[in-house]
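Bear in mind that the values in this text are calculations on the coordinates, not laboratory data. Bear in mind that the values here come from a model prediction, so they are computed numbers and not experimental data. Here the Cβ positions follow ideal geometry from the backbone for every residue, glycine too, while neighbour counts run over all protein chains shown.
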Amino acid sequence: MEGVFVSEFIRPIREKANFPERVYVFDTTLRDGEQTPGVCFTPDEKVEIAKKLDELGVDVIEGGFPVNSEEEIETVRRIKESGLRAKVCGLARCVIADIDACIKANVDRVHIFIATSDTHLKYKLRMDENKALEQAIAATEYVKSHGLECEFSCEDATRTPLDRLIRFYKSVEEYGADIHNVPDTVGVMEPEAMFYLISSLKRELKKPISVHCHNDFGMAVANTLAGVKAGAAQVHTTVNGLGERGGNASVEQTVAALTAMYNVKTNIRLNLLKETSRLVEKYSMIKLMPNFPIVGDNAFAHEAGIHVHGVLAKAESYEPLTPEMVGQRRRIVMGKHTGKHAVASFVKEKFNLTEDQIKEVVEKVKSLAVHKKKIIEDDVVAVVEGVLGSIPESEKIVRLDEALIITGNKITPTASVQITIDNIKKIAAGVGTGPVDAVAKAIQSALGEEIRLLNYKLEAISGGTDSLCSVEVTVEDKEGRTAMGIGVGGDIVMASVNALMESLNRIYRKRRT
Ligand code: MN
């Protein structure tokens, strides 16, 4: 496949696998993902995420556990009624009230589950196997009698004896269950065991098999893929791998691997993975690790030196797929170990500067690198612009005309600003945890958009209370453009504001070029 550079050793594995023709993606970000400790989506956020998941191309959206509350029923119904292409599913225990709540939410599919492992039967359900099976069958019949799709899960399937699993799945199949989900509820499987389990079930069952894997030992994605290799036609995933404890199989990693490694089809538009991840990151308020595969900030970042040279010469030397495929960008990072020579050749390649200017840029980048852990490409652009002179007044798109900033003891830091953007004056005010935060909020409010502060660094240049200070900020807009700004002065707040204004101007300039 174009843009994919995976190992040739996969070929024989691919040939002997029992792949389905295509894999259906059942996304449970809004249900299992919301069970992540500390995560709670508002109804509006759930609807917005559902629309994004639909655009991404998932086949089924598990919108929630409707019996939880009237609000949850209403939210799932709103998702269903927002006109998505994806099917909407609700979770239910094998009890009438739960299924009724799903029916009320107007879902296409009800995902019913009952625990089947010894531990769960004995300590959680306090029920024997026969009684549990009776309930499973009754629930299946009830779902089917309402004309809905029925997905059935044996909870804790991976700690349930195989003959019991076969008994449950075969029985519900006879009563009309449409798909069998196999949850590794506690994340206790490993790939070969998963392959064996799914292959064994596949021999016995007629309806499609689905897998639901947790990441307690970091194997959720590997186990999911093993399930697919054994013929599972549906995978349960969450955006950013959200979920209880170690989380669920991440949709990004699962789908990227299915596509790039195994050449198995899904309906996912890979190039929307990054923006979907960013939306869920924002609403879940769980910051993605930079080294998160596929969608993390470092997933396509390279530290200057040998790797950058290699990557610029031929991307596949250090990338398994191109960043554009998954909606990412390649970032070149200068670290403190990046040699002068590497910085110079990078600057030479990108900008048209004299030898003296190159020397100056290299010196500045090197001294910045000592303080900052990493310097992204945009920082180098800022340094180059600094050497060439800061943005001339006449070229500024956003200008700060006035700023009033109040702070003190026992008052809320407050700021009001007047800015001019494209010759239109805008006035706004903001409050914050400190004066810089207050003025940043006021500026964002005047611009009418959210800007994420990726980095803020304040440094006193000389000693004493009258010291000059230097502020360096890096900001990111909603579309992922980043820019750096530097402000220097005797007033910490104004130096910060100037740095912010400079970075904003760079963002606006990028948008227009
Ligand atoms: Mn789960």
Stretchable slack from Glu74 to Phe5, in nm (0.36 nm times residue separation minus alpha-carbon distance): 20.3 nm
Here are some pairs, Lys348/Lys510; Lys80/Lys202; Lys51/Lys287; which of them have Cα atoms lying more than 25 Å apart in this structure? Lys80/Lys202
Work out the charge dipole of the chain with +1 on the Cβ of Lys and Arg and -1 on the Cβ of Asp and Glu about the Cα centre, then indicate which of Val25, Val280, Tyr175 is farthest towards its positive end. Val25
So what is the orientation-averaged projected area of region 22-180, using the convex hull of its C-alpha atoms, in nm²? 9.6 nm²
Among DSSP beta bridges whose residues both lie in the chain, state the antiparallel percentage, nearest 5. 50 percent
Treat each spin label as a single point 7 Å out from the Cα along the C-beta direction, and report the Leu404 to Thr433 distance in nm. 2.7 nm
Which length gain, in nm to one decimal place, applies between Lys170 and Glu134 when the Cα-Cα distance is subtracted from 0.36 nm times their residue separation? 11.7 nm
Mind checking which aspartates and glutamates have their Cα closer than 17 Å to the Cα of Lys478? Skip sequence neighbours fewer than 8 apart in that chain. Glu45, Glu48, Glu275, Glu281, Asp297, Asp378, Glu449, Glu450
Please list, by residue number, everything in region 265-304 whose backbone N is under 19 Å from a paramagnetic label point 7 Å out along Cα→Cβ of Ser82. 268-269, 272-286
Antiparallel as a % of all DSSP beta bridges within region 99-183, to the nearest 5? 0 percent
Suppose only helical runs count, i.e. DSSP H with n ≥ 4. What mean residue ellipticity at 222 nm does that imply for the chain under -39500 (n - 2.57) per run, divided by all residues and rounded to the nearest 500 deg cm²/dmol? -12000 deg cm²/dmol
With 20 Å bins from 0: P(r) over the chain, alpha-carbon pairs, percent: 20, 44, 28, 9, 0
With r defined as the distance between the Cβ atoms of Glu393 and Glu55 and R0 fixed at 45 Å, what FRET efficiency is calculated, to the nearest 0.05? 0.60
According to a simple spin-label model (label point 7 Å from Cα along Cα-to-Cβ), what is the distance in nm between Lys124 and Glu459? 5.4 nm
Once you have the Cα-Cα distance between Ala97 and Lys340, take 0.36 nm times their residue separation minus that, and quote the gain in nm to one decimal. 80.6 nm
Furthest towards positive pole of dipole, Leu225, Ile209, Ser153, structure part the chain, Cβ charges: Leu225
For Thr276, Thr322, what's the fewest-to-most ordering of other Cβ within 10 Å of each Cβ? Thr322, Thr276
Return the lysines within reach of Lys122: Cα separation strictly under 18 angstrom, same-chain partners fewer than 8 residues apart disregarded; answer none if there are no such residues. Lys131
To the nearest 20 Debye, how big is the dipole of region 395-511 about its Cα centre, given +1 on the beta carbon of each Lys and Arg and -1 on that of each Asp and Glu? 300 debye
I'd like the trypsin sites (Lys or Arg not before Pro) in region 182-278 restricted to DSSP loop residues with at most 15 other Cβ atoms within 10 Å, sorted by number. Lys206, Arg245, Arg269
Expressed in nanometres to one decimal, the distance between label points 7 Å along Cα→Cβ at Ser317 and Glu48 is 4.2 nm
Can you tell me the dipole magnitude for the chain around its Cα centre, using point charges on the Cβ only (Lys, Arg +1; Asp, Glu -1), in Debye to the nearest 20? 620 debye
Report for region 142-267 the percent antiparallel among DSSP-assigned beta bridges with both residues inside it, nearest 5. 10 percent
Quick shape summary for region 395-511, equivalent ellipsoid via Cα gyration tensor, semi-axes whole Å in descending order, reads 22, 18, 13
